[in-house]
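Shown next, in structure tokens, is the structure this report addresses.
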Amino acid sequence: QAIKDLRAMLGEGSGVGADIEALWHEYEAGDTREARLVKDLDKLEMVLQALEYEEEQGRDLSEFFRSTEGHFKTPTGQAWAAEIFSRRSPRGAGDA
């Protein structure tokens with residue numbers, strides 16, 4: 001519904017609205033390298049937030065980190081995830 005609302009705000013006759021909707025569907029389907037990279041970046045941002053929360057709040061989020069393993073589809077996403085995981089403190093890293 002949100003994408004339809006956005007398209008309506010941009011004007012139904014606007015090619016921009018149609019382009020944005022097409023890009024959204026491409027992202028959701030993960031049909032292109034670019035869409036898969038953007039999905040990985042979206043997940044990486046969430047992982048970075050979890051790392052910050054873990055460090056700032058002293059919480060062990062190992063279960064969350066384990067749940068993200070194997071979900072990065074691009075070499076870039078996989079490499080960056082490995083780097084982020086390697087920066088976890090030994091206490092927070094647990095057995096993740």
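The values are calculated or read from the model by the stated rules, or taken from the named source; none is laboratory data. A quick note: this is a predicted structure, and the numbers were derived from the prediction, not measured. Methodologically, a virtual Cβ is constructed for each residue, glycine included, from the backbone with ideal geometry; neighbour enumeration extends over all protein chains shown. Note: areas computed on protein heavy atoms with side chains; ligands, DNA, RNA excluded. Shrake-Rupley method; radii C 1.70, N 1.55, O 1.52, S 1.80 Å.
Working note: 222 nm ellipticity from helices only, DSSP H runs with n ≥ 4, each -39,500 (n - 2.57), summed and divided by the residues of the chain, gives -23500 deg cm²/dmol to the nearest 500. Averaging 1/r over each pair of different alpha-carbon atoms in the range 40-94 and inverting the result gives 11.1 Å, the Kirkwood hydrodynamic radius. Strictly greater than 24 Å: what percent of every Cα pair in the chain meets that? Summing the P(r) of the chain above 24 Å gives 40 percent of all pairs. Ignoring lysines fewer than eight residues from K73 along the same chain, the ones with Cα atoms less than 17 angstrom from its Cα are K39, K43.
Given a Förster distance of 22 Å, report the FRET efficiency between S86 and Q49 from their Cβ-Cβ distance, rounded to the nearest 0.05. Step by step, r from the Cβ atoms, then E = 0.80. Ranking F85, G13, A2 by Cα position along the charge dipole of the chain, where only Lys, Arg, Asp and Glu carry charges on their C-beta atoms, puts F85 farthest toward the positive end. Of all the accessible heavy-atom surface of the range 1-83, with the other protein chains kept in place and a 1.4 Å probe, what percent is carbon and sulfur? Of all accessible area on the range 1-83, carbon and sulfur atoms account for 55 percent. Ordering R88, R36 by accessible surface, largest first, gives R36, R88; the 1.4 Å probe counts only protein heavy atoms, with every chain in place. State the percent of C-alpha pairs, over all pairs in the range 12-54, separated by a distance greater than 14 angstrom. The share of Cα pairs beyond 14 Å in the range 12-54 comes to 60 percent. Per residue, the chain exposes 69 Å² of accessible surface when a 1.4 Å probe is rolled over the protein heavy atoms with every protein chain present.
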